[in-house]
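Scroll down for the structure; my scribbles are underneath it.
Here, each number is a calculation from the coordinates, and none is a lab measurement. Just so you know, these numbers come straight off a predicted model, no measurement behind them. All Cβ positions, even for glycine, are placed from backbone atoms using ideal geometry, and neighbour counts span all protein chains on display.
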Amino acid sequence: MSQASIQASLDSPLSPAASGTADGALRSARRGGGAAHRAPLKAGSASPNGRKGAKAPGQSAWWALLFVGPTGIGLAIFYLWPALRTFYLSFTHTGAFGGSSWVGLENYQKLLSNPALGQALANTAIYTLISLLGIPLAMVVAALLNTKGLKGRGIYRTLYFLPVVTMPAAVAIVWRMIYNGDYGVLNQFLGLFGAHGTSWLTNPNTALVAIAVVGIWAGLGQNVVIFLAGLQGVPAEMLEAAELDGAGPVRRFIHMVIPMISPSVFFVSVMSIIGSLQVFDLVFVMMGQNNPAMPSVKTVVYLFYEAGFINHDQGTAAAIAFVLLILILVMTVLQFAMQKKWVHYE
Amino acid sequence: MSELASPPVPAVAAAAAAPSAGGRGQRTTSGREVSARRRQPWAVHAVLILGVVAMVFPFVWQLLTSFKNFAGATAIPVQWIPQPWDFSNFGKVFEAMPFGQMFVNSLLLTVARTAGQVVLCTMAGYAFARMHFPGRNVIFLLFLSVLMVPGQLFLLPQYEIMQSLGWLDTLKAIIVPGLFSAFGTFLMRQFFMSMPNELEEAARLDGANQWQVFWRVMLPLAKPGIIALTVFTVLWSWNDMLWPLIVTSDQAKMPLSVGLTQLVGLHMTNYPVLMAGSLLATIPMVVVFMFLQRQFIQGIAFSGSKG
C-alpha cells in the first residue's frame, strides 16, 4: 500500500482507498487458497479488466504457456518440488554415507523431546516480541515526520531509511564492534553516566536483546516509510475538527490517527512477525563461532542451518523447517483472526 | 475473500502509472499532523535529530574506524579522529581474500537475478492478469503457496539439486533459483490487473498479437511496477546471505555478503580491517540509493506491501 499511498499523495488524494485495498490484497494473498480460487469468477463480472480476451481461447492458451511457462517450470523445480521433498525428508534419516531410510515420525519425536528446540523456540519468541517494539517506535517517528510544515522531511526520511539498504552482514559486523565488552563504544558511552556495560554479545543474558535492538534499528526506516504513507492519507479536516473540539495531539493520534492507519499497522506487524521468526543473518554474523552465549540466542532458523548444513542431518533439519512453517502459519492465522477487533478498513 | 477478484490496487497503479508530475511540492500540503502549525516545530526537530544520531552513528563509527590502526580502534577512552590515519586497512581486506572478485560476483548475481525476474515475472504476471487458459486458477494457487512458505523449506532440496548438477561453488548455483519468483509474479499480476484495458483492445483491433500487445503497449505502462520489482530484487540479491553461504565454499565464488562472514573468521577482532571490508561492501548500494531515493522508497514500500 505504501507506494500506493505515497504515489497517491503525490498525484491525487486517493491514498486511504489505496491503502485499504492493497492491504486487502495482502489479506487474501496470505489466506491464499479460497481467494485465488474464486478470483477469476468474480473478475469476469465485477472488474472492468476481467473481460474475456478478444482472441479465441485456444490460441490464447499457447500464448499463456509461453508467458507463464518459464516461471512456472522454474518455480516447480526450485520451489514446489523442494517443499514436497523437504516434507518427505522430514520422515527419513540420512546415514553417514548418504543413503537415507524411512523412519516415520522419529525425527519429529526426537525433535520435540530435544530441549534445544524448546530453547530455540523460546529464543525466537523473545526476539520476535522485542522486535515488535519497533512498530510503535516507527509510528512515533512517522508521526513526527508528518508534522505540518516540517522542514527537511526528505533528509530525515533518507537517513532513517539508510540501514534498510545496508547489507545485514555489514550491519552485524559494525554492531559487533559497538557492543564489544572491552573497548566497545557503547560501554564507553554508558561509562559517561557512571553505568557499567557488559560484554553484550557474549553475555547470555544480554546477547539476544542486543541482537533484537539491531534488528529494530535495521528495519525501522522501512516501517517509517510505510506508516508515513498511511498517515498522508488521513484527512486533515477531521484532525482539525477534533483539534477545535479540544483534543490534544496525543489523544488525536491514539484515537483518530492510529485507527485510520490500522491497515498499515496490521500489515507491518504481520510482516515483522514473519521476518522475526526467520531471523538468521544477524545472529550468524554477530555471534560468530565459539560464542559462549550461543545457546541463548540460537533461533529456529539457526538450528535448521546447523542441523542441515553443518551436522548434515537432513531429516532433523527438514522437521525443523516444518515446525517453522507451522509456527508462521499459526501466527499469521491468529493475527488475521484478531484483526477484526482492531483493524478498520474503509 | 474476493479482494483478488476485483483488482485489489486500482488506485495504486492508476496513481502510479500516471506520470507523477506533482512531485515534492504537494507533499508538504498533504503532510499534516498532530502538532499545531508553528513556524518550525523545534521540539519535533530535536527528537528527530536524536533519532538520526542513533541511525547514522554506526555508519560514522564504521567509517572512522576503517581509518584507525588497531591501537586506535581499541583505545580507552575512545579515539574519535584516527591517530594516525591508517589507510592500510583497505589493502588488507584485498590481501585477506579475493575481495575484488567477490565484488564482481555480487554485481553479476544482482544483475542476473534482477534481469531474469523482471522479464519472467512481468510475463507471468501479465498472463495471470489478462489471459485465459485452462488451469489458471490452480496454477496461480500453486504460485501463491510458494509465496506463503518460509524460504528455509526449499533449501535442503535446492542444495541437492545444485549438488547433482555439479553446480556447487559456481555463480550459476547462486543465481538460478533466484531467477524465478512467486512474489514478483504476484506483484506484477496485481499491477496489470489494475490497468485499464482499452489500450490493449485498441492494439488488438489493429492486428497486434499477444506478444506485441504485451511488449509495445503494456510493458511501457507497467514501468512503476517494474521499478518496484527491480528495487526489491536488487536489494535482496545484493544482501542475500544464507543461500550463497550454503552453496559456496571457494572464496573466489562467494558474493560480498558471504565474504564478510569469512573476513570475520580471519580477523576476529581486528576491527579496522573488518570496518574497511564492511564499508566497501555497503557503499555501492548506499550510492545507488542516494541517486535513486524516490524509486527505492516507493519501490520498497510498494513491493513490501504485496509480500
Check: Excluding B:PRO177 itself, what net charge comes from residues whose Cβ is under 11 Å from its Cβ, given Lys and Arg +1 and Asp and Glu -1?
Finding: +1
Item checked: Cβ-defined net charge surrounding B:ASN89, 13 Å radius [Lys, Arg +1; Asp, Glu -1] -> 0
Notebook entry, point to check: Summing +1 for each Lys or Arg and -1 for each Asp or Glu, what net charge is found among the other residues whose Cβ lies under 13 Å from the Cβ of B:VAL52?
Noted result: +2
Next item on the list: Mind jotting down the distance between the C-alpha centroids of the range A:145-211 and the range B:103-154, whole Å?
Entry: 35
Checklist line | Whole-Å distance, taken between Cα centres, linking the range A:250-286 and the range B:180-235 | finding: 30
Next item on the list: Percent of Cα-Cα pairs per 10 Å bin, from 0 to the last occupied bin, for the range B:149-307, please list those.
Entry: 9, 27, 29, 23, 9, 3, 1
Checklist line | Principal axes of the range B:41-86: Cα extent on each, largest first, Å | finding: 43, 18, 12
